[in-house]
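**Student:** Quick one: the structure is below, questions incoming.
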Amino acid sequence: MGNRLQGKVAIITGGARGIGEAHVRLFAAEGAKVVVTDILDKEGEATVADVKAAGGDAVFMHHDVTKEADWARVAADTVKQYGGLTTVVNNAGFANLKGVEEETLEGFNAIVAVCQTGVWLGMKAAMPALKKSGNGAIVNISSLYGIIGTPSMISYHGAKGAVRLMTKSAALEYARQGVRVNSVHPGIIETPLAKTLPAEYLETISETTPMGRMGKPIDIATMSLFLCSDEAGFITGSEFVVDGGWGAQ
Ligand SMILES: NC(=O)c1ccc[n+]([C@@H]2O[C@H](COP(=O)([O-])OP(=O)(O)OC[C@H]3O[C@@H](n4cnc5c(N)ncnc54)[C@H](O)[C@@H]3O)[C@@H](O)[C@H]2O)c1
């Protein structure tokens, strides 16, 4: 156990599995009290049980990030449970592999609702408590695909690109109000989400990644850990790519 997040209270959305789960385990191990939120109750509860067994402090709350009322309840219950809120990782998200003509309005809206609207709702709901903390931090998990384009993910590119600029806008708005806001942009990472993509797609990305492999969820969590810790006290409105060199090409 470390202490880089001692005294922090963190909400991590989509914390039941994948990149979010790695955040939960790492943040708790570094001393944060962690509110794990997700629509997957069983997996979220199991993650919390593991954290507690390892000596950490965490609680699970059912939470659909697209619902404003869920956000209000999670923010209020976090403050009730832990006495405040210092940190939010807006991580929940999903993708599909649809191009411009193949995508449906329903599919487009569903991705935007979780990946983009959910991030804004999270910043909005958490901001009063973050400001009150005097030392708040938000990390929005975008994607390398929020910076570069590929031919077949129109909705995801749009939503993740929006997260990148919403992050900068919020960072500027709150720069003198004690809340830092940054975005993290993973390349391809081995998670349940990645496993829903076709095997040949994953192989091509791994092969064309300069480091020759997919990343691990912990590779993203360690970046967020730094950004949410006081070590990053002068960093706001910035974007951090963690992609094995892929975006450098
Ligand atoms: N895996 C990758 O290669 C990769 C690359 C770049 C960015 N990302 C981003 O990282 C984040 C985490 O992805 P992951 O790969 O760990 O995926 P994952 O599917 O393994 O985990 C995502 C979690 O978000 C939850 N979630 C989905 N919709 C939700 C909603 N409406 N409300 C609350 N929770 C919801 C899921 O239940 C799941 O537990 C996502 O934002 C994703 O876009 C992933």
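We did not get these values from a lab; they are worked out from the coordinates using the rules stated. Since we're looking at a predicted model, the values are computed, not measured. When we count neighbours, we look across all protein chains shown, and the Cβ atoms used for this are built from the backbone with ideal geometry, even at glycine.
**Student:** So what is the 222 nm mean residue ellipticity for the chain from helices alone, if each DSSP H run of at least 4 adds -39500 (n - 2.57) and you divide by all residues, rounding to the nearest 500 deg cm²/dmol? Let's see the in-between values first.
**Tutor:** Values: 9 runs with 110 residues, N = 249.
One gets -14000 deg cm²/dmol as the mean residue ellipticity at 222 nm.
**Student:** Sticking with the crude label model, points 7 Å out along Cα→Cβ, report the distance from Phe94 to His62 in nm, one decimal please.
**Tutor:** Here the answer is 1.7 nm between the modelled labels.
**Student:** Relative contact order for the stretch 9-240: what percent, with Cα pairs under 8 Å and sequence separation of 6 or more? Numbers along the way, then the final one.
**Tutor:** On the way: 452 pairs, mean separation 47.9, N = 232.
Over the stretch 9-240, the number comes to 21 percent.
**Student:** Within a 10 angstrom radius of the beta carbon, how do Thr86, Thr66, Thr104 rank from fewest other beta carbons to most? Walk me through the intermediate numbers first.
**Tutor:** On the way: Thr86 24, Thr66 19, Thr104 11.
Sorted ascending by nearby Cβ count, the order is Thr104, Thr66, Thr86.
**Student:** Which distance in nm do the two modelled labels at Thr204 and Lys168 give, with both placed 7 Å along the Cα-to-Cβ direction?
**Tutor:** 2.9
**Student:** With the crude spin-label approximation of a point 7 Å out along Cα→Cβ, what separation in nm comes out for Phe234 versus Ala46?
**Tutor:** My value for the distance between the label points is 4.5 nm.
**Student:** Going down the table (Lys67/Lys131; Lys42/Lys168; Lys33/Lys98), which pairs top 31 Å between alpha carbons?
**Tutor:** Values: Lys67/Lys131 22 Å; Lys42/Lys168 35 Å; Lys33/Lys98 38 Å.
Flagged as over cut-off: Lys42/Lys168; Lys33/Lys98.
**Student:** What are the ³J(HN,Hα) couplings of the stretch 208-219, residue after residue, when phi is run through the Karplus curve with 6.51, -1.76, 1.60 and θ = phi - 60°? Round to Hz, x for glycine and proline.
**Tutor:** For the stretch 208-219, the Karplus-derived couplings read 8, 6, x, 7, x, 7, 7, x, 10, x, 5, 4 Hz, x marking Gly and Pro.
**Student:** If you don't mind, another one. Hey, got a sec? Which GluC sites (Glu not before Pro) in the stretch 10-108 land in a DSSP loop and have at most 12 other Cβ atoms within 10 Å? Please report the intermediate quantities before stating the final value.
**Tutor:** Numbers: sites: Glu21, Glu30, Glu43, Glu45, Glu68, Glu101, Glu102, Glu103, Glu106; in loops: Glu30, Glu101, Glu102, Glu103.
Answer by residue number: Glu101, Glu102.
**Student:** Another question, if that's okay. What aspartates and glutamates could a cross-link reach from Lys216, if we take a straight Cα to Cα line under 14 Å and drop same-chain neighbours fewer than 8 places away?
**Tutor:** Glu21, Glu190, Asp243
**Student:** Further, regarding this structure: Compute the angle between helix 118-133 and the longest alpha-carbon principal axis of the chain, please, reported from 0 to 90 degrees and rounded to the nearest 10.
**Tutor:** 30
**Student:** Give the aspartates and glutamates whose C-alpha is closer than 14 Å to that of Lys160, dropping any in the same chain fewer than 8 places away, or say none.
**Tutor:** In chain and number order, the partners are Glu239.
**Student:** Next question, about the same structure. Mind checking which of Ala95, Ala221, Ala72 has the largest fluctuation in a GNM of the chain, springs on alpha carbons under 10 Å?
**Tutor:** Of Ala95, Ala221, Ala72, the most mobile in the Gaussian network model is Ala72.
**Student:** Treating the beta-carbon of each Lys and Arg as +1 and of each Asp and Glu as -1, no other charges, what is the dipole magnitude of the stretch 9-240 about its Cα centre, to the nearest 20 debye? Write down the numbers at each step before the final one.
**Tutor:** Working: 20 positive and 25 negative charges, 160 e Å.
For the stretch 9-240, the charge dipole is close to 780 debye.
**Student:** By its C-alpha gyration tensor, with a ≥ b ≥ c as the square roots of the eigenvalues, how is the stretch 75-187 shaped: rounded for a/c under 1.5, else prolate for a/b larger than b/c, else oblate?
**Tutor:** Numbers: a/c = 2.95, a/b = 2.02, b/c = 1.46.
Here the stretch 75-187 falls in the prolate category.
**Student:** Now for a different question. For the stretch 134-140, take each phi angle, set θ = phi - 60°, evaluate the Karplus expression 6.51 cos²θ - 1.76 cosθ + 1.60, and give the result in whole Hz per residue in order, putting x for glycine and proline.
**Tutor:** Karplus values, whole Hz, x for Gly and Pro: x, 7, x, 9, 10, 10, 9.
**Student:** I would also like to ask the following. Given the stretch 9-240, report the % of alpha carbon pairs whose separation exceeds 28 Å. Mind dumping the intermediate values first?
**Tutor:** Values: 6740 of 26796 pairs.
Counting every Cα pair in the stretch 9-240, those more than 28 Å apart make up 25 percent.
**Student:** How large is the translational diffusion coefficient of the stretch 172-221 in µm² per second when you combine the Kirkwood radius over alpha carbon pairs with Stokes-Einstein at 4 °C and 1.567 mPa s? Don't jump to the answer; show the numbers that get you there.
**Tutor:** Details: Rh = 13.0 Å.
Estimated diffusion coefficient is 100 µm²/s.
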